1. Given R₀ = 22 Å, FRET efficiency for residue 62-residue 159 by Cβ-Cβ distance, to 0.05?
2. Could you identify which residue out of 38, 158, 144 has the top mean-square fluctuation in a GNM of the chain using Cα springs shorter than 10 Å?
3. Rounded to the nearest 500, what is the chain's calculated 222 nm mean residue ellipticity when only DSSP H runs of at least 4 contribute -39500 (n - 2.57) each, over all residues?
4. What three numbers, in Å, describe the spread of the alpha carbons of segment 37-118 along their principal axes, ordered from the longest?
5. Given labels modelled 7 Å from the Cα in the Cβ direction, how far is it in nm from residue 137 to residue 118?
6. If we count other beta carbons within 10 Å of each Cβ, what is the order of 48, 116, fewest first?
7. Measure nothing fancy, just the Cα-based angle from helix 151-168's long axis to the longest principal axis of the chain, in degrees from 0 to 90, nearest 10.
8. Per Stokes-Einstein, at 4 °C and 1.567 mPa s, what whole-number D in µm² s⁻¹ belongs to the chain, with the Kirkwood radius over Cα pairs as the hydrodynamic radius?
Ligand SMILES: [Zn+2]
């Protein structure tokens, strides 16, 4: 009986928890986010807490799309400086390859604590990509590099090393 009551409490707290922290995710970005989380699992990176810090993961027509001033994706922050919204320009959604690169770029800013890796190069975290298709063609390598050189992953590796050293003593 006790077990049953406990299970019921856990169940109701999950419901309350999810009602408070709901994230609005655009259906076109959901499969990409799911794919991104699969890689997080592979590399042992926890993402639930960061997911529920978000309000929206959205495709929008509010980002600039002019010659010399195009923003394909961005993150917006609240007053405390924490990322609240991940926004992707609708123009990026015209091509699935571009949408994938731009989405992973923005997801990595939030979930992997990334800043940009370079100004102009063919990497997912470049400020500008010379060619999204070069990145997409080399996708498996690109994603691997994105994860294993990410600030979150490197921090985890340091902890693992430290724990191993502490354990040896
Ligand atoms: Zn960026």
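The numbers here are math on the coordinates, done by the rules we state, and not lab data. Note that the structure is a prediction, hence the values are computed from the model and not measured. Positions of Cβ are backbone-derived with ideal geometry, glycine not excepted, and every protein chain shown enters the neighbour counts.
1. About 0.05, to the nearest 0.05.
2. Sorting by GNM fluctuation, first place goes to 158.
3. One gets -16000 deg cm²/dmol as the mean residue ellipticity at 222 nm.
4. Rounded to whole Å, the extents work out to 39, 31, 24 Å.
5. 1.6 nm
6. Sorted ascending by nearby Cβ count, the order is 48, 116.
7. 40 degrees
8. Estimated diffusion coefficient is 73 µm²/s.
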